[in-house]
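Chemist: Have a look at this one before I ask anything.
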Amino acid sequence: MKVTIKTALICAAVWIGFKLLGYQLGWNIPDYTSLFVLTNILGLLVAVSVGLYLQKRKGVEDDSMLTDIKNGMTSGVIYALVVCGFLYFYYEKIDPEYNQKMIAEREMYFKTVVDDPAKLKELKASNKELEVMTKEEIIEEFRKTPQMLFSGTFMMTFGMLSMLVLSTLYSILVSIIYRKVLFR
C-alpha cells in the first residue's frame, strides 16, 4: 500500500477516534462542534503534508510539481472519503439525537420570530410569498430547511465538498512549501 494512503487512513482513524471519544464524554453538543471541525481540518492538513513528505522522502517517482500535488491529493481524498463515510454513519446511526436537538432549536427560534408582531411584519416584508401565509404556514415552511440541513446525507455531502476543496488547496500549498523550503 502506498505511504500516502496509509497516512490518510491513520489520520482519519485518529480523528474518528477523537470524535467517538467526544461522543462518549458527552461533547456532542453544539458548543463543541467547532472543536471537531477544526480538528478535522487539522487532520486533513496532517494527512496531506505527512503523506507528501513521506512520499518525497522515498524519492522513487519523478520530481515534478504535478506529481507532488497528485500525491498530496491522494492522501486528502482518501482522508475525505473515510471521514465523510463515518460522518454519515455517525449522524444517521450513532447520534441522531443531535440532529433532532438542532431541528428543535431552530423551530423554537422560528416560533419566537413568528410570535413577535414586529419581527413577523419584517419577515413578511422581506419575502413576498410569506405575505399571504398564516403563522402556522410560515412555521411549516421554515421547518423544511433545518430538516434537510441536519441530516446525515447533507452533512456527508457538505463535508465531502469542503474537504475536497481543502485537500486541493493544501496539496498545492504544501507542494510549493516543500519545493521552496524543505526539499531545495
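The values are calculated or read from the model by the stated rules, or taken from the named source; none is laboratory data. On a predicted model such as this, the values are computed, not experimentally measured, just so you know. When we count neighbours, we look across all protein chains shown, and the Cβ atoms used for this are built from the backbone with ideal geometry, even at glycine. Side chains included, ligands, DNA and RNA excluded: accessible areas come from the protein's heavy atoms. Shrake-Rupley method; radii C 1.70, N 1.55, O 1.52, S 1.80 Å.
Chemist: What are the lysines whose alpha-carbon lies under 25 Å from the alpha-carbon of LYS119, with same-chain residues fewer than 8 places away excluded?
Modeler: LYS101, LYS111, LYS128, LYS135, LYS144
Chemist: Applying the Karplus parametrisation 6.51 cos²θ - 1.76 cosθ + 1.60 with θ = phi - 60° to the phi angles of segment 127-132, what ³J(HN,Hα) value in whole Hz is obtained for each residue in order, glycine and proline being reported as x?
Modeler: 9, 5, 5, 7, 4, 9
Chemist: Treat every Asp and Glu Cβ in segment 1-86 as -1 and every Lys and Arg Cβ as +1, leave all other atoms uncharged, and give the resulting dipole magnitude about the Cα centre to the nearest 20 debye. Provide the component values of the computation, followed by the final result.
Modeler: Values: 7 positive and 5 negative charges, 42 e Å.
Dipole size: approximately 200 debye.
Chemist: Right, another one. Report the one residue of VAL174, MET156, VAL114 whose Cα lies farthest in the direction of the positive end of the charge dipole of segment 38-184 (charges on C-beta: Lys and Arg +1, Asp and Glu -1; origin at the Cα centre).
Modeler: After comparing all options, I get VAL174.
Chemist: While we're here: For helix 65-89, what angle does its Cα long axis make with the longest principal axis of the chain, in degrees from 0 to 90 and rounded to 10?
Modeler: Tilt of helix 65-89: around 40 degrees.
Chemist: Would you pull out the residues with amide H under 5 Å of PHE183's amide H, same chain only if 5 or more places away, H placed 1.01 Å from N?
Modeler: Here the answer is none, since no amide H 5 or more places off falls under 5 Å of that of PHE183.
Chemist: Using 0.36 nm per residue of separation minus the Cα-Cα distance, give me the extension gain between ARG143 and LYS121 in nm, one decimal.
Modeler: Full-extension gain reported as 6.0 nm.
Chemist: Using a 1.4 Å probe and ignoring any ligands, DNA or RNA, find the accessible area of VAL132 and quote it in Å² to the nearest 10.
Modeler: Spelled out: VAL132, probe radius 1.4 Å, area about 130 Å².
Chemist: Would you please state which residues of segment 58-94 a label at VAL14 would reach in this model, taking the label point 7 Å out along Cα→Cβ and a backbone N cut-off of under 20 Å?
Modeler: Under cut-off, by backbone N: 58, 71-87.
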